[in-house]
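Mind looking over this structure? Questions follow.
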Amino acid sequence: MKNKIFLASLLPAGLALLSSCGGAGQKEKPNVVFIISDDLGIGDLSCYGATKVHTPNIDRLASQGAQFMNTYSSSSVSTPSRFCLLTGKYPWRQDNTGIAPGNAGMVIDTAVYTMADLFKECGYATAAIGKWHLGLGGAEGPDWNGEITPSPHDIGFDHYFVIPATVDRVPCVYVEDNYVVNADASDPIYVDYGRKVGDWPTGKEHPELLTLHPSHGHDNTIINGISRIGYMTGGKRALWKDEDIADTITSKARQFIIANKDNPFFLYMGTQDVHVPRIPHPRFAGKSGLGARGDVILQLDWTVGEIMNTLDSLGLAENTIFVFTSDNGPVLDDGYRDCAVEMLNGHTPSGIYRGGKYSIYEAGTRIPFIVRWPSGIRAGTRQENMFSHVDFFPTMAAIAGVSLPQHAAPDGRPYPDVLMGKDVPGCEYVIQQSMYGTLAVIEGVWKYIEPSNAPEIQRETNTELGSYKGGALFNIQDDPGERVNLVESYPEIARRLAGRLAASRSGEWRGEYK
Ligand code: NG6
Ligand code: CA
């Protein structure tokens, strides 16, 4: 049994009126829609300065709420980033938080008190729709042909309809409320990440069968003409259609909102866009002029617009906290020959920042973050103060007027005024992690990257990772592109920040609220 939450008197004045769990009636509790896109860079949206691609719906969301300019995810890849968001715990505190294969067991222990648990205890209907990538089932992985348990149901989600891992990983099936959708007992599903199972062709053996070719990796079982990571066989009837994924998850999200229009709800929605393989629906194909990557940005923008329209049509927009963000930074060639590099046409997915997905440089974790809440946030706000995904869950608890159980969200701290777009000091420091486990800490204008023996460049994706054998120190206000390493010029600052990382690692120092 998870700990109960307790009423708190921590609420800043002004927020109390908006508080929900702590007293307001069911009707006044704000709904929460949290859309996390995949591999979308801070330079990929027109509201963040993109000029070669246009995202009118997301721009409108931003103009009606607060657009955050200095917000970070905790990792430059998906599984650890999502883990941190839902648990408020840095992923490097737990060793199973690397990029999860499609047959991984649940990454979040069911005993952990998650953000979904918080909303559930506050009387919300809760759902996870779309990309999951946090494992399913026990340690041995899910039983694709039976009941899948434990599952998101056991960490606070009443309902879920998910892509188990990523769209480039098998099994290419949806799982809904503990069962594979359209499962067929006469055609059982087998999945293996070590060796081939069954006789479905692989991209390596039969490149002539491919409609989209890999550039690196991604040469295992072919599903819908695209070879994936991992091997699978069976479940033919259950296979998703790549072109329809955006429509399918959008429709599932809409159904959830409509079914819960009269009670508070928390919708956690992970889009597969803009992760590889990038397969736009025909109505978006070729429309961006930037190739498939640009087309799926348009598709993503459509998805956000559909959710906005759904809220509008039900009269729910006013009292819904609508968050849009990304799990990590952008990448162009992430393993398929989809011409993302060739058709870039001057577009800059990383904006002015260095690196991208996988790296510890800014573009790896500095992500778009937009919050719209007409009843609580002034339209057209720009939040320049620092914020981080790790703080989102405790911040929502503060807005709900509750204090968390003792061990919940050990690394996050509540910043309700920052989330509301107010000009108050942002979080004191944030820690990020690269795919290679290198940590960095940002405090004020300073960013310290710990020493690392990881490669300097990930060759396949052509990403600068930000690895320095002697560590690095940047003044990211004067030098947001992280060009001038000041580690030797300001050794005392580097030492202080290294000490802060070490203390955080050992659990001794977690900021002023702990
Ligand atoms: C990498 C994959 C990449 C992507 C990534 C996870 C290869 C060669 N590359 O290992 O394509 O799937 O994992 O992306 O297999 S994430 O956004 O879900 O973290
Ligand atoms: Ca991602």
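The values are calculated or read from the model by the stated rules, or taken from the named source; none is laboratory data. Model, not experiment: these values are computed from the prediction. Counting neighbours? That spans all protein chains shown, and the Cβs are built from the backbone with ideal geometry, glycine included. For the accessible areas, the whole protein counts, side chains as well, though only heavy atoms, and no ligand, DNA or RNA atoms are used. Shrake-Rupley method; radii C 1.70, N 1.55, O 1.52, S 1.80 Å.
What do you reckon, is ILE297 within 16 Å of ligand 2 (Cβ to nearest atom), assigned to a helix (DSSP H, G or I) and open to solvent by less than 10 Å² (accessible area, probe 1.4 Å)?
Yes; evaluated as a whole, the condition is true for this residue.
Anything in the range 221-241 that is open to solvent by 10 Å² or more (accessible area, probe 1.4 Å), within 16 Å of ligand 1 (Cβ to nearest atom) and in contact (Cβ under 8 Å) with a residue 40 or more places away in the chain? List them, or say none.
ILE229, TYR231
Name every residue in the range 300-354 that is open to solvent by less than 10 Å² (accessible area, probe 1.4 Å), aliphatic (A, V, I, L, M) and either touching a strand residue (DSSP E or B) at 6+ places or on another chain (Cβ under 7 Å) or farther than 30 Å from ASP479 by Cα (or both), in order of residue number.
Selection gives LEU300, VAL304, ILE307, MET308, LEU311, ILE321, VAL323, VAL331.
Look through the range 37-52, keep the residues that are in a loop (DSSP other than H, G, I, E, B) and touching a Pro at 6+ places or on another chain (Cβ under 9 Å), and return whichever of them is farthest from ligand 1 (Cβ to nearest atom).
Step by step, filter the range 37-52, then rank; the result is ALA50.
Per-residue answers, yes or no, for (1) under 20 Å from TYR353 (Cα atoms); (2) in a loop (DSSP other than H, G, I, E, B):
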residue	(1), (2)
ALA408	no, yes
PRO425	no, yes
ASN453	no, yes
LEU486	yes, yes
ARG496	no, no
LEU501	no, no
SER504	no, no
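Yes or no: the range 58-81 includes at least one residue that is within 16 Å of ligand 1 (Cβ to nearest atom), open to solvent by 20 Å² or more (accessible area, probe 1.4 Å) and modelled with pLDDT of 95 or more.
no
Still on this structure, I have one more. Restricting the first residue to the range 68-86 and requiring it to be within 12 Å of ligand 2 (Cβ to nearest atom), which pairs with a second residue that is in a loop (DSSP other than H, G, I, E, B) and of a type in the set (Lys, Arg) meet a Cβ separation below 8 Å and a spacing of at least six or different chains?
What qualifies is SER76/LYS357; VAL77/LYS357.
Considering only residues that are more than 16 Å from ligand 2 (Cβ to nearest atom) and either of a type in the set (D, E, K, R) or over 17 Å from ILE36 (Cβ atoms) (or both), which ones fall in the range 249-278?
SER251, LYS252, ARG254, GLN255, ILE258, ALA259, ASN260, LYS261, ASP262, ASN263, PRO264
Every residue, every condition in (1) modelled with pLDDT of 95 or more; (2) within 25 Å of the chain's Cα centre (by Cα), yes or no:
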site: ILE442; (1), (2): yes, yes
site: PRO451; (1), (2): yes, no
site: GLU460; (1), (2): yes, yes
site: GLY466; (1), (2): yes, yes
site: ALA472; (1), (2): yes, no
site: LEU486; (1), (2): yes, no
site: LYS514; (1), (2): no, no
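Now a separate question. Taking the range 190-220 as the region of interest, how many residues are within 16 Å of ligand 1 (Cβ to nearest atom), within 22 Å of GLY105 (Cβ to Cβ) and exposed (fewer than 15 other Cβ atoms within 10 Å of the Cβ)?
1
Go through the residues of the range 124-142 one by one and say whether even a single one is of a type in the set (A, V, I, L, M), within 16 Å of ligand 2 (Cβ to nearest atom), in a loop (DSSP other than H, G, I, E, B) and surrounded by 19 or more Cβ atoms within 10 Å (Cβ to Cβ).
yes
Of the numbered conditions (1) open to solvent by 40 Å² or more (accessible area, probe 1.4 Å); (2) touching a Leu at 6+ places or on another chain (Cβ under 8 Å); (3) more than 27 Å from GLY41 (Cβ to Cβ), ILE457 satisfies every one except a single condition; which is it?
Exception for ILE457: condition (3).
Ok, one more. Quick check on the range 103-111. Is at least one of its residues within 16 Å of ligand 2 (Cβ to nearest atom) and among the aliphatic types (A, V, I, L, M)?
Checking the range 103-111: at least one residue is within 16 Å of ligand 2 (Cβ to nearest atom) and among the aliphatic types (A, V, I, L, M).
Determine which single condition GLY98 fails, assuming it passes every other condition in (1) more than 16 Å from ligand 2 (Cβ to nearest atom); (2) surrounded by fewer than 23 Cβ atoms within 10 Å (Cβ to Cβ).
(1)
Looking at ALA259, is it away from ligand 1 (no atom under 16 Å from the Cβ), under 26 Å from the mean Cα position of the chain (by Cα) and not basic (Lys, Arg)?
yes
Given the conditions (1) within 16 Å of ligand 1 (Cβ to nearest atom); (2) in contact with a Ser or Thr (Cβ under 8 Å, 6 or more places away or on another chain); (3) hydrophobic (A, V, I, L, M, F, W, C); (4) open to solvent by 10 Å² or more (accessible area, probe 1.4 Å), which single one is not true for ALA292?
Failed condition: (2).
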